[in-house]
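Input: a single structure, listed below in structure tokens.
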């Protein structure tokens, strides 16, 4: 298998992208990796992307939140059956106190969301009434949903929910006494060797960080600085490089972040999300073959000025990462990568 994988990557045909695509992709197996960069990290200064460019990944970092919770379960600081009534710092008058950590992780809690993706895809519209520059901490998100009623009975159905991951981050903060972002950077990024990744404020981005761009039909563009929360947190908004994201998968799968039992639970298909072979584990999506075997574990994220896909393919031990600093494009690149993998390993 190892030899076959090395041959695949050596013969991998670089993907063909739309001329407007701006981002970086990588495909890795064992010690063999290829990558390719397109477009600009900074259009005004015409600074090109390279493999060290940091990109926002939007909801792609929900997996980091899930791992943080699993680490605390390993340490007996809480359990997956722990309910919201156990936490003193959450002010949710209309949310069922019986919602569990497991239900938050699997989007089956039924709690109200601050951004319901089944109703609207205009994330930027949220900030017309709530200044995005005020959303620097997880607690700043609570007023966006804490006065809303439950949407569904806890555990009754899957409904993708960003607010649920805000609550998971607040749980991490209550249990550890640390800010959520500090905890993830110390307990996940550092052990995984993700030295270039972090939760950065949009008004103080470090060097080698791509600006996110929103393109308009008339050919004009603007950055996404006023279109997303100023600092990411438990439901999205971390910045990574393609190399760091690859290191993350390698650390997770070699049990450097969680023990074998916790890793298996994280990767378990806990809930079916569609009739096309899709399910959800803890913080990540799972795609199945028609036979029921798992084709890939993957994460993805979309925000104005951000598109991201990354997956691990257990049959071939391949890791793919696609980061883009525009609102779409990563999915098309990912499908080309998967087509080439599929041609070799169907």
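Where a number appears in this text, it was derived from the coordinates with a stated rule and is not lab data. Please read these numbers as outputs of a predicted model, since none were measured by experiment. As a convention, Cβ positions derive from the backbone with ideal geometry for all residues, glycine included, and neighbour counts pool all protein chains shown.
Here residue 186 and residue 275 are evaluated by their C-beta separation; at R0 = 45 Å the FRET efficiency comes out at 0.65. When a/c is below 1.5 the answer is rounded, else prolate if a/b is larger than b/c, else oblate, so apply that to region 118-235 with a ≥ b ≥ c taken from the square roots of the Cα gyration tensor eigenvalues. Here region 118-235 falls in the oblate category. Given region 35-193, report the % of alpha carbon pairs whose separation exceeds 29 Å. More than 29 Å apart: 26 percent of the Cα pairs in region 35-193. Between residue 160 and residue 86, residue separation times 0.36 nm minus the direct Cα-Cα distance comes to 24.3 nm.
Two numbers describe the Cα atoms of region 2-345: Rg and Dmax, which are 19.4, 58 Å.
Between the beta carbons of residue 51 and residue 253, assuming R0 = 25 Å, the FRET efficiency works out to 0.75 to the nearest 0.05.
Per-residue extension of 0.36 nm, minus the Cα-Cα distance of residue 30 and residue 205, leaves a gain of 59.8 nm for this segment. Highest mobility in the GNM of the chain, judged by mean-square fluctuation with C-alpha springs under 10 Å and restricted to 166, 67, 294, is found for 294. For the chain, the relative contact order is 25 percent, taking Cα pairs closer than 8 Å that sit 6 or more residues apart in sequence and dividing their mean separation by the residue count. Taking every DSSP helix (H) stretch of at least 4 residues in the chain, weighting each as -39,500 (n - 2.57) and dividing the sum by the residue count yields a mean residue ellipticity at 222 nm of -7000 deg cm²/dmol.
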